[in-house]
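Below is one structure, written out as structure tokens, with a few remarks after it.
Each value in this text was obtained by applying a stated rule to the coordinates, not by laboratory testing. These numbers come from a predicted model, not from an experiment. Methodologically, a virtual Cβ is constructed for each residue, glycine included, from the backbone with ideal geometry; neighbour enumeration extends over all protein chains shown.
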2 protein chains.
Amino acid sequence: MLCYNTYFSKHFVNKNLGTDEMKKTVLVYGHLDVQPADKMTDPFELVEKDGKLFGRGSTDDKGPVIAWIHAISVLKKKGVDIPVNLKFVFECMEESGSEGLEEALRKHKDDFLKNVDMTCISDNYWLGKKKPCLTYGLRGLCYYFVEVSCAKQDLHSGSYGGTLPEAMNDLVWILSQLTDLDGTIRVPHIYDLVEPLTDGERKIYEGIEFDHEEYKKDIAAHSLLKSTKEELLMSRWRYPSLSIHGIEGAFSQPGAKTVIPNKVIGKFSIRIVPNMTPKSVDKLVIAYLNDLWAKRGSPNHYNAVAHHGGMPWVTDIKHLNFRAGARAMKRVFGVEPDYTREGGTIPICITFQELTGNNVMLLPIGACDDMAHSQNEKLDRSNFIQGTKTLAAYLLELAE
Amino acid sequence: MLCYNTYFSKHFVNKNLGTDEMKKTVLVYGHLDVQPADKMTDPFELVEKDGKLFGRGSTDDKGPVIAWIHAISVLKKKGVDIPVNLKFVFECMEESGSEGLEEALRKHKDDFLKNVDMTCISDNYWLGKKKPCLTYGLRGLCYYFVEVSCAKQDLHSGSYGGTLPEAMNDLVWILSQLTDLDGTIRVPHIYDLVEPLTDGERKIYEGIEFDHEEYKKDIAAHSLLKSTKEELLMSRWRYPSLSIHGIEGAFSQPGAKTVIPNKVIGKFSIRIVPNMTPKSVDKLVIAYLNDLWAKRGSPNHYNAVAHHGGMPWVTDIKHLNFRAGARAMKRVFGVEPDYTREGGTIPICITFQELTGNNVMLLPIGACDDMAHSQNEKLDRSNFIQGTKTLAAYLLELAE
């Protein structure tokens, strides 16, 4: 077990559950740290109400870690032979970007991580509230800063308005050229990088249980960009999207201020998907921004930079790892799970895949309305119990 | 004298300097409050260094008020008959928007303000550092909020990017349609409201001492919108200008955040000039914004409002008030003053003009580099002495 924390990074315990060379070895990951819990009532005391277990970390990610412990305890107590060896990575810095974890894992690539045949991570959520799923893909990210400056300091529009070309005018124009109204990214050739959709993949989307209208209602969106379930989920998971996050350096407070900001930094990012890489996307995006700037013809100063990037991740759902996960869910829930992807990033997936050289599966036990990171985080009691059963069943199914 | 402060608004002292009905009556305005003085060294102890008097309020506006007191003391000490009656309005809330002053003045329109023949305000600055000026015009202001919303709360671009039309995209597009690169405001018919330039007015601009290149260097602008002195000053003082100040509700901090802001409010304002009024400008601007929104065709929610407005002010420089001011400056400095306008607003000018029904003149004694409101505010010793002499001379010249 590697119980990881920046402050105790030297306390590496190379103790595993089983070292049978005849058995496969499964790595289990979880984290024990949580998001800040301001505004919650007794966030650190678990309270059960109406079948829901309220408490900070109940679903993200202490609950799933406890489910693992319960699952293994029960199997051991009942004298059931666990058909795989287990290794654990439980960290306490996940909510702070898993600071230092990759470095620590990399150090133990050839001892602790050696012979890991597959990894199972229970740190995401079902797509809905009723049907279990296994998650096989995540989008990556490319984040950009576009800076425009027009003077050495902020100016008062009363004293200077009308005398110089203002940085904000240039910046909002550039930002206005990034997408069409329907969300299409205008960067030339960016869609050429996207892996073509196969018939088999389309079929996965057709089978997924997802309510288009409920999704719209949940976020009170005035409209959605796609009109069918399949298109919407693909737009969320397997196609890139661009969002403008904001502007640094301009007036952003409530009320009115008559400032001419001298230097403004527009921030936007693109969620990327296979076969896009930060490198290939950065090249196209920076070239497009430079072209826009040339077209603008402004005498102001401009600079566009790729701030940071992360790879997308997709894995093979035909691997034993997923087959065992699916059979376990079938045993517990009586249904085949949906195969889902997510629109965000969980960088640790890529780290485990790279360092073990083997399959990684996301097996969520919480539901989509668990409010991780938000007030009143919960895990339904039924999800906790059925999730525990699923994890135990998953270990047994790995005997296949 | 009306020594005004919100907290002592009842202490109205109706004591004037002279009540000779054969004489004209001059109202003198000044203020005794100052901007906060963080970061300065001993801001409230006047320090003379290299011919400069450093201290908070030295130029804005305690220095000019003391210059008035000195000017009058000297005349009285020397037994010189002051050829006008004087009334004073010294307030202590100017830096807080002169809260309550207009209301108090309005109450005394028919007693204290009765028979005021002209008003002299020394609360602005020379255009440059060497030549005195008299100021006869100010721009007004129309401030707008444009709000776009796409969901009920901020969303994470990982979970939601690609599924809904985002408010920021609509807002930056609208903001990008407000001006051309050369600063021209795109609102249809807005320039029809601007008073045409006369030959006489153009001549005033030709005579003004102003260094176009020094102005550019002072603010380190990469470029200016106009290439001649006259055009630049007119663009600053007698034509409208539009500035985009910022966006409320979007990410504005340093660093990166992958938020989809659910509700964003773009803020911009137009500096207005005669014969524009907030009412006439608001009508054109809101109609243009509504047209833009219709053209955009976004399903998101939109609202545009005129947040607040203030009238521009221009007065007659042929009035006795200005003639006396100009002769006073000629006596003290040996040159005719420049006649200047300013790009910002000083609402009290319009208040005095309206309530007295008579001429208002801005007679600055500080220079353009006095750094009012900023660190190390100063008033040159020579400006203070010559300014005091100018004020005394002005009173004597009013005997004309």
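Among A:287, A:324, A:272, whose Cα projects farthest towards the positive end of the dipole of chain A, with charges put on the beta-carbon of Lys, Arg (+1) and Asp, Glu (-1)? Of the listed residues, the answer is A:324. Inter-copy label distances at residue A:275, shortest first and taken from points set 7 Å along Cα to Cβ: 6.9 nm.
If R0 is taken as 25 Å, the Cβ-Cβ distance between residue B:201 and residue B:354 corresponds to a FRET efficiency of 0.60.
The modelled label-to-label distance between residue A:22 and residue B:277, using points 7 Å beyond Cα along the C-beta direction, is 9.7 nm. The Cβ shell under 10 Å around residue B:50 holds other residues with a net charge of +2, Lys and Arg each +1, Asp and Glu each -1. In terms of surrounding Cβ atoms within a 10 Å radius of their Cβ, B:154, A:81 rank from fewest to most as A:81, B:154. Sort region A:145-195 into rounded, prolate or oblate with this rule: let a ≥ b ≥ c be the square roots of the eigenvalues of the Cα gyration tensor; rounded if a/c is under 1.5, and if a/c is not under 1.5, prolate when a/b is larger than b/c, oblate otherwise. It is prolate, given that a/c is not under 1.5 and a/b is the larger ratio. If you average 1/r across every pair of different Cα atoms in chain B and take the reciprocal, what Kirkwood value do you get, in Å? Radius from the Kirkwood sum: 23.5 Å. Taking packing as the residue-averaged number of other Cβ atoms within 10 angstrom, the listed peptides A:194-202, A:332-340 run from highest to lowest as A:332-340, A:194-202. Paramagnetic label reach from residue A:286 (point 7 Å along Cα→Cβ; backbone nitrogen cut-off under 19 Å): within region A:260-275, residues A:265-272. The fewest-to-most ranking of A:212, A:31 by surrounding Cβ atoms within 10 Å reads A:212, A:31. Only DSSP H runs of four or more residues enter the estimate; each adds -39500 (n - 2.57), and after division by the residues of chain A the mean residue ellipticity at 222 nm equals -9500 deg cm²/dmol. In percent, rounded to a whole number, the relative contact order of chain A is 30, using alpha-carbon pairs under 8 Å and six or more apart. With R₀ set to 51 Å, the beta-carbon distance separating residue A:192 from residue B:186 gives a calculated FRET efficiency near 0.90. Only one residue of A:254, A:220, A:241 has its Cα farthest out toward the positive end of the dipole of region A:212-256, where Lys and Arg carry +1 and Asp and Glu -1 on Cβ, and that residue is A:241. Note on B:181-191: average number of Cβ atoms from other chains within 10 Å of each residue's Cβ is 2.
For residue B:287, the point set 7 Å out from Cα toward Cβ sits 4.6 nm from its twins in the other copies, listed from shortest up.
Here the Karplus curve 6.51 cos²θ - 1.76 cosθ + 1.60, taken at θ = phi - 60°, turns the phi angles of region B:359-365 into couplings of 5, 10, 10, 9, 10, x, 10 Hz, with x standing for Gly and Pro.
In this Cβ point-charge picture (+1 for Lys and Arg, -1 for Asp and Glu), region B:104-251 has a dipole of about 420 debye about its Cα centre.
For region B:311-388, the square roots a ≥ b ≥ c of the C-alpha gyration tensor eigenvalues yield an a/c of 1.5 or more together with a/b not exceeding b/c, which makes the shape oblate.
Pairs exceeding 23 Å between alpha-carbon atoms, taken from A:216/A:389; B:229/B:267; A:78/A:389; A:267/B:216; B:77/B:107; A:226/A:378: A:216/A:389; B:229/B:267; A:267/B:216; B:77/B:107; A:226/A:378. Label point of residue B:99 (7 Å along Cα→beta-carbon): distances to the other copies' equivalent points are 4.2 nm, sorted ascending.
Other residues with beta-carbon under 12 Å from the beta-carbon of residue B:327 carry, at +1 per Lys or Arg and -1 per Asp or Glu, a net charge of 0. Where does the Debye-calculated log10 I(q)/I(0) of region B:91-232 sit at q = 0.16 Å⁻¹, using only Cα point scatterers of equal weight, no solvent? Each listed q corresponds, in turn, to -1.19.
Building the convex hull from the alpha-carbon atoms of region B:71-140 and averaging its projection over directions returns 7.5 nm². Bridges between two residues of chain B, per DSSP, are antiparallel at a rate of about 60%. Here region B:171-318 is assigned +1 on the Cβ of each Lys and Arg and -1 on the Cβ of each Asp and Glu. Its dipole about the Cα centre then comes out at about 720 debye.
Within the set of other residues whose C-beta is less than 13 Å from the C-beta of residue A:342, count the net charge using Lys and Arg as +1 and Asp and Glu as -1. Net charge in that neighbourhood comes out at +3. Can you classify region A:153-232 as rounded, prolate or oblate using the Cα gyration tensor, where a ≥ b ≥ c are the square roots of its eigenvalues, rounded means a/c under 1.5, and otherwise it's prolate if a/b beats b/c and oblate if not? In terms of gyration-tensor shape, oblate.
Scattering from region A:268-343 was approximated by placing one identical point on each alpha carbon and applying the Debye formula without solvent; log10 I(q)/I(0) at 0.11, 0.13, 0.15, 0.22 1/Å stands at -0.52, -0.61, -0.69, -1.00. For the protein assembly as shown, the Kirkwood estimate of the hydrodynamic radius, built from every pair of different alpha carbons, is 31.1 Å.
Counted over all Cα-Cα pairs of region A:262-311, pairs farther apart than 18 Å make up 37 percent.
The modelled label-to-label distance between residue B:44 and residue A:152, using points 7 Å beyond Cα along the C-beta direction, is 3.2 nm. 3J(HN,Hα) along region B:381-386, derived from phi through the Karplus expression 6.51 cos²θ - 1.76 cosθ + 1.60 where θ = phi - 60°, amounts to 4, 5, 5, 5, 5, 5 Hz, with x in place of Gly and Pro.
Each Cα pair of region B:109-164 feeds into the Kirkwood radius, which the Stokes-Einstein equation turns, at 25 °C and 0.890 mPa s, into a diffusion coefficient of 133 µm²/s. Kirkwood radius, region A:29-133, all distinct C-alpha pairs, inverse of mean reciprocal distance: 16.1 Å. Charges were assigned to the Cβ only: +1 to each Lys and Arg, -1 to each Asp and Glu. The resulting dipole of chain B about its Cα centre is roughly 440 debye. Which of A:133, A:142, A:150 moves most in a GNM of chain A, Cα contacts under 10 Å? Judging by the Gaussian network model, the answer is A:150. Built from the Cα atoms of region B:216-351, the convex hull projects on average onto 13.4 nm², one quarter of its surface area. Between region A:340-387 and region B:261-304, the alpha-carbon centres lie 44 Å apart. In the elastic network of chain A, a GNM with C-alpha springs shorter than 10 Å, the most mobile of A:296, A:341, A:331 is A:296. Each label was represented as a point 7 Å from its Cα along the Cα-to-Cβ direction; for residue A:218 and residue A:323 these points are 3.2 nm apart. The distance from the alpha carbon centre of region A:175-201 to that of region B:21-92 is 66 Å, rounded to a whole number. Would you mind checking the tilt of helix A:320-333 against the longest principal axis of the Cα atoms of chain A, expressed as 0 to 90 degrees and rounded to 10? Tilt relative to chain A: about 70 degrees.
The residues B:19, A:315, when put in order of fewest to most other Cβ atoms within 10 Å, stand as B:19, A:315.
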